[in-house]
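Novice: Handing you this structure, nothing more for now.
The values are calculated or read from the model by the stated rules, or taken from the named source; none is laboratory data. Bear in mind the structure is a predicted one, so any value in this text is a computation, not a measurement. Here the Cβ is made from the backbone with ideal geometry for all residues, glycine too, and neighbour counts use every protein chain on show. Accessible surface is based on the protein model in full, side chains and every heavy atom, while ligands, DNA and RNA are left aside. Shrake-Rupley method; radii C 1.70, N 1.55, O 1.52, S 1.80 Å.
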Amino acid sequence: MKITEDILYVGVNDHDIDLFEGQYVVPNGMAYNSYVILDDQVAVMDTVDARFAGQWLDNVKQALGQRKPAYLVVQHMEPDHSANVARFMEAYPDAVVVASSKAFAMMKQFFGTDFADRRQVVGDGDTLCLGSHTLRFVTAPMVHWPEVLMTYDESAKVLFSADAFGKFGALDVQEEWACEARRYYIGIVGKYGAQVQVVLGKLGKAELSAICPLHGPVLTGELGRYLELYNIWSSYGVESEGVVIAYTSVYGHTREAVELLADRLRQRGCPEVVVTDLARCDMAEAVEDAFRYGTLVLATTTYNGEIFPFMHTFLHNLTERNFQNRKVAFVENGSWAPLAAKTMKKLLEGSKQLTFAETTVTLRSALDDASRRQVEALAEELWPGDGR
Ligand code: FEO
């Protein structure tokens, strides 16, 4: 596959994977992207997951024809991209590895060698001239590991963006970009919004004709839309108007309250109400939604003097990703000593720029007239417009 006349795609699709990075379900598989830049000197951009070594080396060989690569650029040392560095260096004994100093330290850890006699260490702003292509390196620490480099091809105006702008899903499956790119971003890089903002600033107004990430499709066309979404996500902005209600329910009573609240919000004109059962959903999808919408309702039972375990896990997933800048409301249930709202609020106390709804819904076992009135009041508080 050609990205331009002399930039070729040599990555692979993975439909065998069960959990990406050991935790994310990927129903449409995963792509590990790698590219070859054919110039006076040839550069290969990153490798792929270990399970695809043979296929990837064949792809590289085919792209090279009779040529030999001068450089292997290693932008990121996570093994889904770096697993075949040592194999590549064996296959092409004249090639030089180009990477950051932190990446070489990790190579020593992973492979037992940092290729001391065959390496070129690069840092922020350094360039590598291949002939007509000049590669400018942009350090991108914590997007997604500390050693990461992005690479801007100044002549082709192509950004090799490492994990950034990637998504879940193999490339032979057609699906909308934003949904799986958002779940990927929030899951994997969500904590590091500040670092992503720094990189977006460094890229500045660089002219771009294509973005070549390490996962997901090569992005062309309206690149401003992808950049704008990254700006929203990394600044913890609100992407979509609406309310997410994340709940757990043991016998269905808390769920009844949640469904009543969702109905009332919809009746009041709330454009999107997303209801998520934390015990049964994909947790990464629920986390993604919490970061997408402006208002989050948390509904759970008091359990062992605390809260139900799935809610605990959900809140941990939010706070470890720097969840912030949202309105939050609580629905609690407790048959003898409801403590859930207090517990949830405490778990969020380190999160910045949260505003809490004045109304908390408290169920004593099941909905009654008093708690129904609280649900009505909460709906009105969260979505004041157009009550019927
Ligand atoms: Fe796709 Fe951070 O590895």
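Novice: Exactly one condition in (1) closer than 21 Å to Glu241 by Cα; (2) more than 37 Å from the chain's Cα centre (by Cα); (3) of a type in the set (A, V, I, L, M) is false for Ala377; which is it?
Specialist: (2)
Novice: Among the strands (runs of 3 or more DSSP E) confined wholly to segment 29-120, which include 2 or more residues that are touching a residue at least 24 places away in the same chain (Cβ under 8 Å), within 16 Å of the ligand (Cβ to nearest atom) and open to solvent by less than 20 Å² (accessible area, probe 1.4 Å)?
Specialist: Details: elements: 30-32, 35-37, 42-45, 69-73, 96-99.
The strands (runs of 3 or more DSSP E) meeting that bar are 30-32.
Novice: Moving on. What number of residues within segment 187-206 satisfy the criterion of being away from the ligand (no atom under 13 Å from the Cβ), among the small types (Gly, Ala, Ser) and touching a helix residue (DSSP H, G or I) at 6+ places or on another chain (Cβ under 6 Å)?
Specialist: Matching residues across segment 187-206 total 1.
Novice: Got a sec? Which of Leu265, Leu315, Leu260 is among the hydrophobic types (A, V, I, L, M, F, W, C), open to solvent by 20 Å² or more (accessible area, probe 1.4 Å) and not in a strand (DSSP E or B)?
Specialist: On the way: Leu265 fails: open to solvent by 20 Å² or more (accessible area, probe 1.4 Å); Leu315 fails: open to solvent by 20 Å² or more (accessible area, probe 1.4 Å).
Just a single option satisfies the conditions, and that option is Leu260.
Novice: Then there's this: Could you check segment 225-235 and list, in sequence order, the residues that are surrounded by 14 or more Cβ atoms within 10 Å (Cβ to Cβ) and acidic (Asp, Glu)?
Specialist: Of everything in segment 225-235, nothing turns out to be surrounded by 14 or more Cβ atoms within 10 Å (Cβ to Cβ) and acidic (Asp, Glu).
Novice: Which one of these does Thr302 not meet: (1) over 18 Å from Glu241 (Cβ atoms); (2) part of a strand (DSSP E or B); (3) open to solvent by less than 30 Å² (accessible area, probe 1.4 Å)?
Specialist: It is condition (3) that Thr302 fails.
Novice: Under the condition of being away from the ligand (no atom under 16 Å from the Cβ) and assigned to a loop (DSSP other than H, G, I, E, B), which residue from segment 207-224 is most open to solvent (accessible area, probe 1.4 Å)?
Specialist: Among residues in segment 207-224 that are away from the ligand (no atom under 16 Å from the Cβ) and assigned to a loop (DSSP other than H, G, I, E, B), the one most open to solvent (accessible area, probe 1.4 Å) is Glu222.
Novice: Still on this model: Can you pull out the residues in segment 1-28 that are within 13 Å of the ligand (Cβ to nearest atom), among the hydrophobic types (A, V, I, L, M, F, W, C) and open to solvent by 50 Å² or more (accessible area, probe 1.4 Å)?
Specialist: none
Novice: Do we have any residue at all in segment 246-253 that's more than 16 Å from Ala299 (Cβ to Cβ) and open to solvent by less than 20 Å² (accessible area, probe 1.4 Å)?
Specialist: No, every residue in segment 246-253 fails to be more than 16 Å from Ala299 (Cβ to Cβ) and open to solvent by less than 20 Å² (accessible area, probe 1.4 Å).
Novice: Hey, another quick one. Looking at Val243, Val196, Val238 in this structure, which one is closer than 30 Å to Asp369 by Cβ and either outside any loop (DSSP other than H, G, I, E, B) or open to solvent by 60 Å² or more (accessible area, probe 1.4 Å) (or both)?
Specialist: On the way: Val196 fails: closer than 30 Å to Asp369 by Cβ; Val238 fails: closer than 30 Å to Asp369 by Cβ.
Among Val243, Val196, Val238, only Val243 is closer than 30 Å to Asp369 by Cβ and either outside any loop (DSSP other than H, G, I, E, B) or open to solvent by 60 Å² or more (accessible area, probe 1.4 Å) (or both).
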